[in-house]
Amino acid sequence: MSGTFVGMPAFPPPVYPAFPVAAHEAVNNQTLRGNLRHATHTIRAKRAKAVAELSDWAALREAGKQIKDHTLRHLDRYLLQLEESVTAAGGIVHWAADADEANRIVTQLVQETGESEVVKVKSMATQEIGLNEALEAAGIRAYETDLAELIVQLGKDRPSHILVPAIHRNRGEIREIFVREMSEWGRPAPEGLTDSPAELAEAARLHLREKFLRAKVGISGANFMVADTGTLVVVESEGNGRMCLTLPETLISVVGIEKIVPTWQDLEVFLQTLPRSSTAERMNPYTSTWTGTTDGDGPRTFHLVLLDNGRTDTLADEVGRQALRCIRCSACLNVCPVYERAGGHAYGSVYPGPIGAILSPQLRGTASEIDASLPYASSLCGACYEVCPVAIDIPEVLVHLRERVVEGGPVTREGNKVVLQPAKGHAAERAAMRAARWTFTHPGALRTGQRLASRTRRFHPRTLPGPGKAWSGTRDLPAVPAEPFRDWWQRTNGGKDEAK
Ligand code: SF4
(Lines give C-alpha, C1' and ligand atoms only; values in the text may rest on other atoms or scores of the structure.)
Protein backbone atom coordinates (compact mmCIF):
# COMPACT_ATOMS: atom_id res chain seq x y z
CA MET A 1 0.00 0.00 0.00
CA SER A 2 1.16 3.53 -0.62
CA GLY A 3 1.52 6.08 2.13
CA THR A 4 -1.12 8.75 2.35
CA PHE A 5 -3.76 9.25 -0.27
CA VAL A 6 -4.12 12.93 -0.87
CA GLY A 7 -7.68 13.17 -2.13
CA MET A 8 -10.16 15.99 -1.76
CA PRO A 9 -10.51 17.40 1.72
CA ALA A 10 -13.63 17.50 3.86
CA PHE A 11 -15.64 20.73 4.12
CA PRO A 12 -14.54 23.13 5.53
CA PRO A 13 -11.42 22.70 3.44
CA PRO A 14 -7.81 23.35 4.40
CA VAL A 15 -6.64 26.82 3.51
CA TYR A 16 -6.53 27.22 -0.26
CA PRO A 17 -5.06 30.35 -1.82
CA ALA A 18 -7.44 32.84 -3.41
CA PHE A 19 -8.42 31.96 -6.98
CA PRO A 20 -6.16 34.51 -8.73
CA VAL A 21 -3.10 33.19 -6.88
CA ALA A 22 -3.81 29.53 -7.70
CA ALA A 23 -4.82 30.38 -11.27
CA HIS A 24 -1.61 32.32 -11.78
CA GLU A 25 0.39 29.14 -11.21
CA ALA A 26 -1.85 27.15 -13.53
CA VAL A 27 -1.71 29.55 -16.47
CA ASN A 28 2.08 29.38 -16.37
CA ASN A 29 1.96 25.59 -16.82
CA GLN A 30 2.02 25.09 -20.57
CA THR A 31 1.43 21.32 -20.47
CA LEU A 32 -1.63 21.78 -18.30
CA ARG A 33 -3.01 24.49 -20.56
CA GLY A 34 -2.41 22.35 -23.62
CA ASN A 35 -4.17 19.33 -22.06
CA LEU A 36 -7.12 21.44 -20.97
CA ARG A 37 -7.49 23.25 -24.27
CA HIS A 38 -7.45 20.05 -26.26
CA ALA A 39 -9.93 18.25 -23.97
CA THR A 40 -12.43 21.08 -23.46
CA HIS A 41 -12.52 22.06 -27.13
CA THR A 42 -13.09 18.45 -28.20
CA ILE A 43 -15.96 17.86 -25.73
CA ARG A 44 -17.45 21.29 -26.45
CA ALA A 45 -17.73 20.68 -30.17
CA LYS A 46 -19.20 17.20 -29.73
CA ARG A 47 -21.77 18.46 -27.22
CA ALA A 48 -22.94 21.20 -29.57
CA LYS A 49 -23.50 18.59 -32.29
CA ALA A 50 -25.36 16.18 -29.99
CA VAL A 51 -27.64 18.93 -28.70
CA ALA A 52 -28.34 20.27 -32.19
CA GLU A 53 -29.80 16.88 -33.15
CA LEU A 54 -32.80 17.48 -30.88
CA SER A 55 -35.42 19.84 -32.22
CA ASP A 56 -37.05 20.09 -28.77
CA TRP A 57 -33.88 20.90 -26.83
CA ALA A 58 -35.22 24.23 -25.58
CA ALA A 59 -38.40 22.54 -24.32
CA LEU A 60 -36.39 19.80 -22.59
CA ARG A 61 -34.21 22.42 -20.94
CA GLU A 62 -37.24 24.31 -19.69
CA ALA A 63 -38.84 21.08 -18.47
CA GLY A 64 -35.68 20.17 -16.53
CA LYS A 65 -35.64 23.60 -14.94
CA GLN A 66 -39.33 23.40 -13.99
CA ILE A 67 -39.03 19.90 -12.51
CA LYS A 68 -36.04 20.89 -10.39
CA ASP A 69 -37.62 24.16 -9.24
CA HIS A 70 -40.85 22.42 -8.31
CA THR A 71 -38.96 19.73 -6.38
CA LEU A 72 -36.84 22.28 -4.53
CA ARG A 73 -39.97 24.25 -3.57
CA HIS A 74 -41.44 21.12 -1.99
CA LEU A 75 -38.19 19.49 -0.94
CA ASP A 76 -39.33 18.70 2.61
CA ARG A 77 -42.34 16.77 1.32
CA TYR A 78 -40.43 14.84 -1.34
CA LEU A 79 -37.63 13.89 1.06
CA LEU A 80 -40.11 12.37 3.49
CA GLN A 81 -41.81 10.55 0.63
CA LEU A 82 -38.43 9.23 -0.50
CA GLU A 83 -37.58 8.02 2.99
CA GLU A 84 -40.90 6.17 3.15
CA SER A 85 -40.42 4.58 -0.29
CA VAL A 86 -36.81 3.49 0.36
CA THR A 87 -37.75 2.03 3.75
CA ALA A 88 -40.73 0.17 2.27
CA ALA A 89 -38.40 -1.34 -0.34
CA GLY A 90 -36.03 -2.69 2.32
CA GLY A 91 -33.47 0.14 2.50
CA ILE A 92 -32.34 2.06 5.57
CA VAL A 93 -32.28 5.87 5.45
CA HIS A 94 -29.85 8.04 7.45
CA TRP A 95 -29.85 11.85 7.64
CA ALA A 96 -26.57 13.77 7.76
CA ALA A 97 -26.58 17.50 8.52
CA ASP A 98 -22.94 18.00 7.57
CA ALA A 99 -19.78 16.29 6.34
CA ASP A 100 -18.67 15.08 9.76
CA GLU A 101 -21.97 13.42 10.47
CA ALA A 102 -22.07 11.75 7.06
CA ASN A 103 -18.51 10.47 7.46
CA ARG A 104 -19.31 9.14 10.93
CA ILE A 105 -22.38 7.30 9.68
CA VAL A 106 -20.61 5.70 6.71
CA THR A 107 -17.53 4.73 8.74
CA GLN A 108 -19.70 3.06 11.36
CA LEU A 109 -21.73 1.22 8.74
CA VAL A 110 -18.57 -0.16 7.14
CA GLN A 111 -17.14 -1.11 10.54
CA GLU A 112 -20.33 -3.01 11.35
CA THR A 113 -19.71 -5.24 8.32
CA GLY A 114 -16.23 -6.12 9.70
CA GLU A 115 -14.62 -5.15 6.35
CA SER A 116 -11.57 -2.94 5.90
CA GLU A 117 -11.91 -2.31 2.14
CA VAL A 118 -14.64 -0.72 0.03
CA VAL A 119 -15.06 -0.13 -3.70
CA LYS A 120 -16.43 3.18 -4.83
CA VAL A 121 -18.47 4.44 -7.74
CA LYS A 122 -17.46 7.93 -8.83
CA SER A 123 -19.26 10.28 -6.47
CA MET A 124 -18.92 14.02 -6.01
CA ALA A 125 -20.85 13.99 -2.74
CA THR A 126 -18.33 11.64 -1.10
CA GLN A 127 -15.47 13.79 -2.38
CA GLU A 128 -17.20 16.88 -1.05
CA ILE A 129 -17.24 15.45 2.46
CA GLY A 130 -13.75 13.90 2.28
CA LEU A 131 -15.06 10.39 2.84
CA ASN A 132 -11.94 8.58 1.63
CA GLU A 133 -9.81 10.41 4.18
CA ALA A 134 -12.31 9.74 6.97
CA LEU A 135 -12.33 6.03 6.10
CA GLU A 136 -8.54 5.97 5.86
CA ALA A 137 -8.33 7.46 9.35
CA ALA A 138 -10.49 4.57 10.58
CA GLY A 139 -8.26 1.99 8.87
CA ILE A 140 -10.59 1.39 5.92
CA ARG A 141 -9.17 1.57 2.40
CA ALA A 142 -11.46 3.02 -0.28
CA TYR A 143 -10.72 2.05 -3.89
CA GLU A 144 -11.91 4.39 -6.62
CA THR A 145 -13.08 2.35 -9.62
CA ASP A 146 -13.91 5.01 -12.21
CA LEU A 147 -10.94 5.14 -14.60
CA ALA A 148 -10.31 8.86 -14.20
CA GLU A 149 -10.80 8.70 -10.42
CA LEU A 150 -8.36 5.78 -10.34
CA ILE A 151 -5.77 7.92 -12.15
CA VAL A 152 -6.35 10.72 -9.63
CA GLN A 153 -6.14 8.36 -6.66
CA LEU A 154 -2.99 6.57 -7.87
CA GLY A 155 -1.39 9.92 -8.71
CA LYS A 156 -2.11 11.26 -5.17
CA ASP A 157 -3.76 14.09 -7.03
CA ARG A 158 -6.96 16.12 -6.89
CA PRO A 159 -9.83 15.96 -9.42
CA SER A 160 -9.91 18.93 -11.77
CA HIS A 161 -13.13 18.35 -13.71
CA ILE A 162 -16.58 17.08 -12.74
CA LEU A 163 -16.86 14.50 -15.47
CA VAL A 164 -13.22 13.86 -16.36
CA PRO A 165 -11.39 14.29 -13.03
CA ALA A 166 -8.01 13.60 -14.67
CA ILE A 167 -8.55 15.99 -17.60
CA HIS A 168 -5.30 17.74 -16.67
CA ARG A 169 -3.30 14.55 -17.39
CA ASN A 170 -2.20 13.40 -20.84
CA ARG A 171 -1.62 9.77 -21.89
CA GLY A 172 2.07 9.83 -21.18
CA GLU A 173 1.51 11.07 -17.62
CA ILE A 174 -1.17 8.41 -17.04
CA ARG A 175 1.15 5.65 -18.21
CA GLU A 176 3.84 6.87 -15.82
CA ILE A 177 1.39 6.91 -12.90
CA PHE A 178 0.19 3.36 -13.67
CA VAL A 179 3.74 2.00 -13.96
CA ARG A 180 4.87 3.75 -10.78
CA GLU A 181 1.86 3.29 -8.49
CA MET A 182 -0.33 0.33 -9.45
CA SER A 183 1.80 -2.25 -7.66
CA GLU A 184 1.46 -0.28 -4.42
CA TRP A 185 -2.33 -0.61 -4.57
CA GLY A 186 -2.77 -4.12 -5.96
CA ARG A 187 -2.12 -5.72 -9.36
CA PRO A 188 0.85 -4.00 -11.04
CA ALA A 189 0.77 -2.47 -14.50
CA PRO A 190 1.53 -4.98 -17.30
CA GLU A 191 5.15 -5.23 -18.48
CA GLY A 192 5.97 -2.91 -21.36
CA LEU A 193 2.81 -0.81 -20.95
CA THR A 194 2.62 1.92 -23.60
CA ASP A 195 0.47 5.06 -23.63
CA SER A 196 -2.05 3.68 -26.11
CA PRO A 197 -5.59 4.27 -24.76
CA ALA A 198 -6.54 0.60 -25.27
CA GLU A 199 -3.53 -0.65 -23.29
CA LEU A 200 -4.09 1.87 -20.48
CA ALA A 201 -7.77 0.88 -20.24
CA GLU A 202 -6.85 -2.81 -20.15
CA ALA A 203 -4.30 -2.21 -17.38
CA ALA A 204 -6.97 -0.43 -15.33
CA ARG A 205 -9.51 -3.20 -16.06
CA LEU A 206 -7.16 -5.92 -14.82
CA HIS A 207 -6.17 -3.90 -11.77
CA LEU A 208 -9.79 -3.20 -10.80
CA ARG A 209 -11.23 -6.63 -11.52
CA GLU A 210 -9.65 -8.20 -8.44
CA LYS A 211 -11.07 -5.39 -6.32
CA PHE A 212 -14.61 -5.88 -7.67
CA LEU A 213 -14.49 -9.61 -7.06
CA ARG A 214 -13.19 -9.22 -3.50
CA ALA A 215 -15.27 -6.30 -2.25
CA LYS A 216 -18.05 -6.88 0.25
CA VAL A 217 -18.98 -3.20 0.59
CA GLY A 218 -19.73 -0.73 -2.21
CA ILE A 219 -20.10 3.03 -1.82
CA SER A 220 -21.83 5.22 -4.36
CA GLY A 221 -23.51 8.54 -4.89
CA ALA A 222 -26.48 8.91 -7.23
CA ASN A 223 -27.43 11.15 -10.11
CA PHE A 224 -31.11 11.02 -9.19
CA MET A 225 -33.43 9.70 -6.47
CA VAL A 226 -37.07 9.08 -7.35
CA ALA A 227 -39.34 10.05 -4.46
CA ASP A 228 -42.42 8.01 -5.29
CA THR A 229 -40.65 4.68 -5.87
CA GLY A 230 -37.52 5.10 -3.71
CA THR A 231 -35.35 4.32 -6.76
CA LEU A 232 -31.77 5.57 -7.07
CA VAL A 233 -30.14 6.13 -10.44
CA VAL A 234 -26.48 6.13 -11.46
CA VAL A 235 -25.57 7.19 -14.97
CA GLU A 236 -22.11 6.20 -16.21
CA SER A 237 -20.00 5.22 -19.19
CA GLU A 238 -17.60 2.50 -18.06
CA GLY A 239 -19.62 -0.17 -16.25
CA ASN A 240 -17.52 0.06 -13.10
CA GLY A 241 -20.52 1.58 -11.35
CA ARG A 242 -22.70 -1.38 -12.30
CA MET A 243 -20.10 -3.74 -10.75
CA CYS A 244 -19.95 -1.76 -7.48
CA LEU A 245 -23.74 -1.52 -7.29
CA THR A 246 -24.42 -5.20 -7.84
CA LEU A 247 -21.49 -7.35 -6.58
CA PRO A 248 -20.98 -6.26 -2.92
CA GLU A 249 -23.20 -7.54 -0.13
CA THR A 250 -23.65 -4.07 1.38
CA LEU A 251 -24.28 -0.90 -0.60
CA ILE A 252 -24.03 2.56 0.97
CA SER A 253 -25.14 5.54 -1.11
CA VAL A 254 -24.32 9.10 -0.03
CA VAL A 255 -26.50 11.56 -1.91
CA GLY A 256 -27.12 15.31 -1.67
CA ILE A 257 -30.73 16.11 -0.80
CA GLU A 258 -31.15 18.14 -3.99
CA LYS A 259 -30.77 15.05 -6.22
CA ILE A 260 -34.43 14.13 -5.79
CA VAL A 261 -37.07 14.06 -8.56
CA PRO A 262 -40.74 13.41 -7.79
CA THR A 263 -41.56 10.60 -10.23
CA TRP A 264 -39.96 8.02 -12.47
CA GLN A 265 -41.38 9.83 -15.49
CA ASP A 266 -39.33 12.94 -14.66
CA LEU A 267 -36.24 10.94 -15.53
CA GLU A 268 -37.22 10.97 -19.20
CA VAL A 269 -36.13 14.60 -19.40
CA PHE A 270 -32.81 14.25 -17.58
CA LEU A 271 -31.82 11.00 -19.25
CA GLN A 272 -31.95 12.89 -22.53
CA THR A 273 -30.26 16.12 -21.44
CA LEU A 274 -27.54 14.74 -19.15
CA PRO A 275 -25.65 12.43 -21.56
CA ARG A 276 -25.79 14.92 -24.43
CA SER A 277 -24.52 17.73 -22.20
CA SER A 278 -21.78 15.74 -20.51
CA THR A 279 -20.27 13.14 -22.82
CA ALA A 280 -22.10 14.28 -25.97
CA GLU A 281 -23.74 10.87 -26.22
CA ARG A 282 -27.36 10.33 -27.25
CA MET A 283 -27.60 7.83 -24.44
CA ASN A 284 -25.04 6.88 -21.83
CA PRO A 285 -23.81 3.27 -21.96
CA TYR A 286 -24.89 2.29 -18.41
CA THR A 287 -27.91 3.51 -16.48
CA SER A 288 -28.22 1.56 -13.22
CA THR A 289 -31.35 1.83 -11.11
CA TRP A 290 -32.12 0.10 -7.83
CA THR A 291 -34.96 0.21 -5.36
CA GLY A 292 -34.17 -0.98 -1.85
CA THR A 293 -33.07 -4.63 -1.82
CA THR A 294 -34.25 -7.68 -3.76
CA ASP A 295 -33.89 -11.25 -2.49
CA GLY A 296 -31.23 -13.15 -4.40
CA ASP A 297 -30.28 -10.18 -6.56
CA GLY A 298 -27.63 -7.56 -5.72
CA PRO A 299 -26.68 -6.26 -2.28
CA ARG A 300 -28.44 -7.77 0.77
CA THR A 301 -28.27 -4.47 2.67
CA PHE A 302 -28.80 -0.98 1.32
CA HIS A 303 -28.17 2.25 3.24
CA LEU A 304 -29.02 5.70 1.92
CA VAL A 305 -27.26 8.64 3.60
CA LEU A 306 -29.07 11.89 2.75
CA LEU A 307 -26.58 14.75 2.87
CA ASP A 308 -27.38 18.40 3.63
CA ASN A 309 -23.95 20.02 4.21
CA GLY A 310 -25.00 23.57 3.31
CA ARG A 311 -27.79 22.74 0.86
CA THR A 312 -30.60 23.96 3.10
CA ASP A 313 -28.78 27.29 3.54
CA THR A 314 -28.38 27.51 -0.22
CA LEU A 315 -32.08 26.80 -0.66
CA ALA A 316 -32.89 29.77 1.59
CA ASP A 317 -31.23 32.19 -0.85
CA GLU A 318 -33.75 33.24 -3.51
CA VAL A 319 -31.15 33.95 -6.20
CA GLY A 320 -28.50 31.41 -5.22
CA ARG A 321 -30.80 28.41 -4.86
CA GLN A 322 -30.90 27.80 -8.60
CA ALA A 323 -27.42 26.26 -8.21
CA LEU A 324 -29.18 23.28 -6.62
CA ARG A 325 -30.75 22.45 -9.99
CA CYS A 326 -27.33 21.34 -11.23
CA ILE A 327 -27.18 17.81 -12.65
CA ARG A 328 -23.34 17.84 -12.77
CA CYS A 329 -23.09 17.49 -16.53
CA SER A 330 -19.95 19.71 -16.71
CA ALA A 331 -21.03 21.48 -19.92
CA CYS A 332 -20.41 24.83 -18.22
CA LEU A 333 -16.79 23.89 -17.49
CA ASN A 334 -16.12 22.90 -21.07
CA VAL A 335 -17.18 26.27 -22.50
CA CYS A 336 -15.70 28.48 -19.81
CA PRO A 337 -12.70 30.58 -20.98
CA VAL A 338 -11.54 30.98 -17.37
CA TYR A 339 -11.68 27.25 -16.59
CA GLU A 340 -9.91 26.47 -19.86
CA ARG A 341 -6.91 28.50 -18.76
CA ALA A 342 -6.93 28.10 -14.99
CA GLY A 343 -7.86 24.42 -14.75
CA GLY A 344 -9.89 22.84 -11.98
CA HIS A 345 -7.45 22.88 -9.04
CA ALA A 346 -7.50 26.67 -8.79
CA TYR A 347 -11.14 26.50 -7.60
CA GLY A 348 -10.09 24.76 -4.34
CA SER A 349 -13.08 22.44 -4.36
CA VAL A 350 -14.43 19.26 -5.90
CA TYR A 351 -16.74 21.56 -7.84
CA PRO A 352 -14.58 23.47 -10.33
CA GLY A 353 -15.53 25.82 -13.13
CA PRO A 354 -18.57 28.07 -13.27
CA ILE A 355 -20.79 25.79 -11.19
CA GLY A 356 -18.04 25.55 -8.55
CA ALA A 357 -17.75 29.33 -8.47
CA ILE A 358 -21.39 29.61 -7.39
CA LEU A 359 -21.83 26.36 -5.45
CA SER A 360 -18.77 26.26 -3.17
CA PRO A 361 -19.23 29.76 -1.70
CA GLN A 362 -22.83 28.87 -0.93
CA LEU A 363 -22.15 25.45 0.59
CA ARG A 364 -19.13 26.63 2.57
CA GLY A 365 -19.85 30.34 3.13
CA THR A 366 -17.58 33.12 1.90
CA ALA A 367 -15.32 33.48 4.93
CA SER A 368 -12.19 31.92 3.41
CA GLU A 369 -9.96 33.62 0.83
CA ILE A 370 -10.80 31.06 -1.81
CA ASP A 371 -14.56 31.21 -1.30
CA ALA A 372 -14.63 35.02 -1.24
CA SER A 373 -12.64 35.05 -4.49
CA LEU A 374 -14.65 32.43 -6.42
CA PRO A 375 -17.55 34.71 -7.42
CA TYR A 376 -14.94 36.81 -9.26
CA ALA A 377 -13.51 33.82 -11.16
CA SER A 378 -15.51 34.70 -14.25
CA SER A 379 -15.63 37.18 -17.09
CA LEU A 380 -19.46 37.00 -16.97
CA CYS A 381 -19.48 36.11 -20.67
CA GLY A 382 -22.58 33.96 -20.16
CA ALA A 383 -21.42 30.91 -22.14
CA CYS A 384 -22.12 28.71 -19.08
CA TYR A 385 -25.75 29.81 -18.95
CA GLU A 386 -26.20 29.18 -22.67
CA VAL A 387 -25.19 25.52 -22.41
CA CYS A 388 -26.66 24.64 -19.01
CA PRO A 389 -29.35 21.97 -19.53
CA VAL A 390 -31.30 23.20 -16.48
CA ALA A 391 -30.89 26.90 -17.34
CA ILE A 392 -28.96 27.97 -14.25
CA ASP A 393 -28.22 31.66 -14.71
CA ILE A 394 -24.67 31.37 -13.40
CA PRO A 395 -23.70 35.00 -14.20
CA GLU A 396 -26.71 36.21 -12.21
CA VAL A 397 -25.67 34.14 -9.17
CA LEU A 398 -22.03 35.26 -9.53
CA VAL A 399 -23.02 38.92 -9.40
CA HIS A 400 -25.34 38.20 -6.47
CA LEU A 401 -22.50 36.49 -4.58
CA ARG A 402 -20.10 39.34 -5.37
CA GLU A 403 -22.64 41.63 -3.77
CA ARG A 404 -22.72 39.37 -0.74
CA VAL A 405 -18.92 39.42 -0.47
CA VAL A 406 -18.67 43.20 -0.85
CA GLU A 407 -21.77 44.43 0.96
CA GLY A 408 -22.72 41.90 3.52
CA GLY A 409 -19.44 40.59 4.77
CA PRO A 410 -18.73 36.87 4.73
CA VAL A 411 -21.45 34.39 5.49
CA THR A 412 -20.32 31.39 7.51
CA ARG A 413 -22.06 28.38 8.93
CA GLU A 414 -22.04 27.45 12.57
CA GLY A 415 -23.63 24.05 12.75
CA ASN A 416 -26.86 24.47 10.85
CA LYS A 417 -27.01 28.23 11.19
CA VAL A 418 -26.00 30.83 8.61
CA VAL A 419 -24.03 33.60 10.32
CA LEU A 420 -23.41 37.00 8.74
CA GLN A 421 -19.94 38.15 9.79
CA PRO A 422 -18.86 41.80 9.97
CA ALA A 423 -17.56 42.79 6.56
CA LYS A 424 -13.81 43.04 6.09
CA GLY A 425 -11.64 43.47 3.02
CA HIS A 426 -12.73 45.17 -0.20
CA ALA A 427 -13.10 48.30 1.97
CA ALA A 428 -12.28 50.68 -0.87
CA GLU A 429 -14.81 49.05 -3.17
CA ARG A 430 -17.47 49.13 -0.49
CA ALA A 431 -16.77 52.79 0.26
CA ALA A 432 -16.93 53.62 -3.46
CA MET A 433 -20.30 51.85 -3.80
CA ARG A 434 -21.70 53.74 -0.83
CA ALA A 435 -20.47 57.05 -2.20
CA ALA A 436 -22.04 56.23 -5.60
CA ARG A 437 -25.34 55.33 -3.97
CA TRP A 438 -25.41 58.60 -2.02
CA THR A 439 -24.53 60.66 -5.11
CA PHE A 440 -27.19 59.06 -7.31
CA THR A 441 -29.88 59.64 -4.69
CA HIS A 442 -28.92 63.35 -4.35
CA PRO A 443 -29.39 64.90 -7.85
CA GLY A 444 -28.21 68.35 -6.75
CA ALA A 445 -24.88 66.98 -5.59
CA LEU A 446 -24.59 64.90 -8.78
CA ARG A 447 -25.13 68.00 -10.94
CA THR A 448 -22.56 70.05 -8.98
CA GLY A 449 -20.07 67.18 -9.18
CA GLN A 450 -20.53 66.79 -12.94
CA ARG A 451 -20.00 70.53 -13.53
CA LEU A 452 -16.94 70.54 -11.32
CA ALA A 453 -15.53 67.51 -13.17
CA SER A 454 -16.08 69.23 -16.55
CA ARG A 455 -14.42 72.46 -15.44
CA THR A 456 -11.39 70.74 -13.99
CA ARG A 457 -11.01 68.19 -16.81
CA ARG A 458 -7.63 69.55 -17.90
CA PHE A 459 -6.18 68.63 -14.53
CA HIS A 460 -7.48 65.06 -14.40
CA PRO A 461 -4.71 62.40 -14.16
CA ARG A 462 -4.12 59.95 -17.05
CA THR A 463 -3.74 57.05 -14.63
CA LEU A 464 -5.34 56.29 -11.29
CA PRO A 465 -3.32 56.32 -8.11
CA GLY A 466 -3.17 53.57 -5.46
CA PRO A 467 -5.06 50.32 -6.06
CA GLY A 468 -6.60 51.70 -9.28
CA LYS A 469 -3.13 51.95 -10.87
CA ALA A 470 -3.10 48.38 -12.16
CA TRP A 471 -6.51 48.87 -13.76
CA SER A 472 -5.68 52.14 -15.51
CA GLY A 473 -2.22 50.90 -16.50
CA THR A 474 -3.76 48.85 -19.32
CA ARG A 475 -6.78 51.04 -20.14
CA ASP A 476 -7.52 54.57 -21.31
CA LEU A 477 -9.51 56.48 -18.73
CA PRO A 478 -12.70 57.83 -20.30
CA ALA A 479 -12.41 61.53 -21.08
CA VAL A 480 -14.77 63.84 -19.14
CA PRO A 481 -16.87 65.93 -21.59
CA ALA A 482 -16.47 69.71 -21.65
CA GLU A 483 -20.15 70.08 -20.80
CA PRO A 484 -22.27 67.68 -18.71
CA PHE A 485 -25.09 65.94 -20.60
CA ARG A 486 -27.77 67.55 -18.44
CA ASP A 487 -26.46 71.07 -19.19
CA TRP A 488 -26.25 70.28 -22.90
CA TRP A 489 -29.81 68.96 -22.85
CA GLN A 490 -31.11 72.01 -21.04
CA ARG A 491 -29.28 74.34 -23.42
CA THR A 492 -30.48 72.62 -26.58
CA ASN A 493 -34.06 71.82 -25.50
CA GLY A 494 -35.41 75.20 -24.63
CA GLY A 495 -34.43 75.16 -20.99
CA LYS A 496 -36.45 72.06 -20.06
CA ASP A 497 -34.58 69.86 -17.61
CA GLU A 498 -35.98 66.39 -18.43
CA ALA A 499 -33.53 64.73 -16.13
CA LYS A 500 -34.82 66.53 -13.05
S1 SF4 B 1 -24.39 24.25 -13.81
FE2 SF4 B 1 -25.55 23.44 -15.57
S3 SF4 B 1 -23.97 23.17 -17.16
FE4 SF4 B 1 -22.86 23.33 -15.19
S5 SF4 B 1 -22.61 21.24 -14.47
FE6 SF4 B 1 -24.51 22.00 -13.56
S7 SF4 B 1 -26.13 21.38 -14.97
FE8 SF4 B 1 -24.22 21.19 -16.07
Legend entry - In the stretch 4-36, the residues that are at pLDDT 85 or above, over 29 Å from Met182 (Cβ atoms) and in contact with a helix residue (DSSP H, G or I) (Cβ under 6 Å, 6 or more places away or on another chain): Tyr16, Ala18, Phe19, Ala22, Ala23, Val27
Inset, instruction - Please work out if Trp185 is at pLDDT 95 or above, of a type outside the set (D, E, K, R) and either on the phi < 0 side of the Ramachandran plot or not assigned by TED's automatic domain parsing to the domain that holds His94 (or both). - result: no
Inset, instruction - Tell me, please, whether a residue that is more than 12 Å from the ligand (Cβ to nearest atom), at pLDDT 95 or above and either among the acidic types (Asp, Glu) or over 22 Å from Val21 (Cα atoms) (or both) can be found in the stretch 336-354. - result: no
Inset, instruction - Taking only the stretch 277-333 into account, find how many residues are among the basic types (Lys, Arg) and either more than 16 Å from the ligand (Cβ to nearest atom) or crowded, with 23+ Cβ neighbours inside 10 Å (or both). - result: 2
Legend entry - Conditions (1) of a type in the set (Gly, Ala, Ser); (2) surrounded by 24 or more Cβ atoms within 10 Å (Cβ to Cβ); (3) within 12 Å of the ligand (Cβ to nearest atom): number failed by Ala383: (2)
Inset, instruction - Only residues in the stretch 450-463 that are in the same structural domain as Thr474 (by TED's automatic domain parsing) count as the first member; pair them with residues that are modelled with pLDDT under 85 and hydroxyl-bearing (Ser, Thr, Tyr), Cβ under 9 angstrom, at least 6 apart or cross-chain, and list the lot. - result: Pro461/Ser472; Arg462/Ser472; Thr463/Ser472
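For Met1, state whether it is modelled with pLDDT under 90, within 30 Å of Glu133 (Cβ to Cβ) and out of contact with any Phe, Trp or Tyr (no Cβ under 9 Å at 6 or more places or on another chain). Don't jump to the end; show me each part of the working.
Details: modelled with pLDDT under 90: yes; within 30 Å of Glu133 (Cβ to Cβ): yes; out of contact with any Phe, Trp or Tyr (no Cβ under 9 Å at 6 or more places or on another chain): no.
For Met1, the condition - modelled with pLDDT under 90, within 30 Å of Glu133 (Cβ to Cβ) and out of contact with any Phe, Trp or Tyr (no Cβ under 9 Å at 6 or more places or on another chain) - is not met.
Sort out for me the strands (runs of 3 or more DSSP E) sitting completely within the stretch 200-274 that have 1 or more residues that are more than 24 Å from Asp295 (Cα to Cα).
Values: elements: 217-220, 224-226, 231-236, 250-256.
Filter on the stretch 200-274 gives 231-236, 250-256.
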Inset, instruction - Give the residues of the stretch 320-334 that are hydrophobic (A, V, I, L, M, F, W, C), farther than 12 Å from Tyr385 by Cβ and in contact with a Phe, Trp or Tyr (Cβ under 9 Å, 6 or more places away or on another chain), sorted by residue number. - result: Cys326, Ile327, Leu333
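The values are calculated or read from the model by the stated rules, or taken from the named source; none is laboratory data. What you see is a predicted model, and the numbers here were worked out from it, not measured in a lab. Counting neighbours? That spans all protein chains shown, and the Cβs are built from the backbone with ideal geometry, glycine included.
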